C-alpha cells in the first residue's frame, strides 16, 4: 500500500471465540499500540458473532487479524473479510483452514518433502482407553493452537491420558497422536508471500519446567529463548529452508511460524506444525526474531499492514 499511515484506518481484530482468547487480546493490544505509534488510525475490535456487521459499519481500510485459534485462524473470519472485500493481514481462507488441521497439514508437507512425525488421527475414546502407539507419544487436538489440550504420555506409562475421553473434552472426537521426538524445541518465523518468503532465524526454546505447554509459551519466565539457536550449520539451514518450503506449499501469506523438534542424538529434524497467525505478545517468538534481524515491532506491524490485500 502506498498511502501514508495517517490516511489509513486499521481495525485490529482480537479476542474472538476460541480457547486462545486471552492470548489474542494480548497480541491485539500490543499490535494496536504499535500501529498507533506508527501513525495509523486504529480501532480495536473484540471480535464476536456480529463481526461482519461491526466491520460493515466501521468500514476500515485494513483488518489486522490478531485472532488466534478456531474461527479467527481457521478460514472463517478470513471468509468474512473476503465477503466484505476488506484487505487483511496473514493468510487467506484456504491456507488458514489447512494449517489449522494438523492432519491435512502433515499430508501436504510430507508430499512437499518436509519431514514430519508419524502417527495419525484416532478416536479420542480409543486413545483414552489404550496406547494406540507405543510410548512416548504426544496427544493433541487436531485443530487447536497454543498447546491447548496437549498431553505427553511418557515412556513406561501404565496407561494413556484418560482426560481425552472425559465428557468435558471440547476439542473434537478425533485427536492427533504422534511419536514424541526427544531433544530441542525450535521455531522459525517466515515473512512474505508465496513468491518470496524469507525465514528470519531459528530459536531454541527451553521450558523452565515440564514441556512447552500453554504456560511455558505465555507466562513470563515460562521458557528461555536462545537465538540464533546453537545447531550444526546444516541443521540450522535446513530448518530455515523447510520453513520457507512449508510456507509456500500451504499457500501462506504474511507472517507464519514453523515449529520443529530436533533430536540432536539421532540427528532427526521434524516439522510439527505451521502457525498462520503466530502470537504477538511480549513473550512471543516472531517479534523477538524480527528484532534479531533488525526489524522493530513497529516495523513488523507496519509491514503486515502494507502487505494486506483482498483477495488473499
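Table for the structure above
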item: Residue that is surrounded by the fewest Cβ atoms within 10 Å (Cβ to Cβ) [pool: residues in the stretch 1-10 that are free of Cβ contacts under 8 Å to residues at least 60 places away in the same chain and either under 25 Å from the mean Cα position of the chain (by Cα) or part of a helix (DSSP H, G or I) (or both)]; result: 6
item: One residue from 97, 112 being farther than 20 Å from residue 17 by Cα and modelled with pLDDT of 95 or more; result: 112
item: In the stretch 150-170, residue farthest from residue 73 (Cα to Cα) [restricted to those that are free of Cβ contacts under 8 Å to residues at least 40 places away in the same chain and buried (at least 16 other Cβ atoms within 10 Å of the Cβ)]; result: 160
item: Selection count where residues are closer than 23 Å to residue 275 by Cα and in contact with a strand residue (DSSP E or B) (Cβ under 6 Å, 6 or more places away or on another chain), scope the stretch 45-69; result: 8
item: Any hit, the stretch 95-112, residues being in a loop (DSSP other than H, G, I, E, B) and crowded, with 20+ Cβ neighbours inside 10 Å; result: no
item: Qualifying position, being at positive phi and surrounded by fewer than 20 Cβ atoms within 10 Å (Cβ to Cβ), among 48, 39; result: 39
item: Scope the stretch 283-299; condition without any contact (Cβ under 8 Å) to a residue 60 or more places away in the chain and closer than 20 Å to residue 61 by Cβ; matching residues; result: 299
item: Flag for residue 132 being part of a loop (DSSP other than H, G, I, E, B), touching a residue at least 24 places away in the same chain (Cβ under 8 Å), in contact with a strand residue (DSSP E or B) (Cβ under 7 Å, 6 or more places away or on another chain) and crowded, with 16+ Cβ neighbours inside 10 Å; result: yes
item: Residues located in the stretch 136-146, provided they are surrounded by 17 or more Cβ atoms within 10 Å (Cβ to Cβ) and either assigned to a loop (DSSP other than H, G, I, E, B) or not assigned by TED's automatic domain parsing to the domain that holds residue 165 (or both); result: 142, 143, 144, 145, 146
item: Residues (touching a helix residue (DSSP H, G or I) at 6+ places or on another chain (Cβ under 8 Å) and surrounded by fewer than 15 Cβ atoms within 10 Å (Cβ to Cβ)) located in the stretch 286-312; result: 296, 299, 311
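The values are calculated or read from the model by the stated rules, or taken from the named source; none is laboratory data. Predicted model only: the values in this text are computed from it and were never measured. Here Cβ is always computed from backbone atoms with ideal geometry, including for glycine, and neighbour counts include all displayed protein chains.
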